[in-house]
């Protein structure tokens, strides 16, 4: 069984929060947006951004629903593809 404890996040004056992990022996893994977006071409990133904007415009459906809408042509003149939606989720 995993030992789960609460971690205190302290706000800085800049608005960011941090957690002092000096005494912890655990590992913390973080994926950043920059790391994720750097694996795509500029066009793929731009298209995924358009996909995210479209998702926001149509009421933020989950990824599966948005792919379904695109696949069944439920969005007139839809400029995005399934891969754009998947890339947007990844980024």
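Principal axis extents for region 32-90, Cα atoms only, whole Å, descending order, please.
32, 18, 16
Could you grab the relative contact order for region 32-90? Cα pairs under 8 Å, six or more apart, rounded to a whole percent.
46
Readers should treat all values here as calculations from the given coordinates under stated rules, not as data from a laboratory. Keep in mind the model is a prediction, meaning the values are calculated, not measured.
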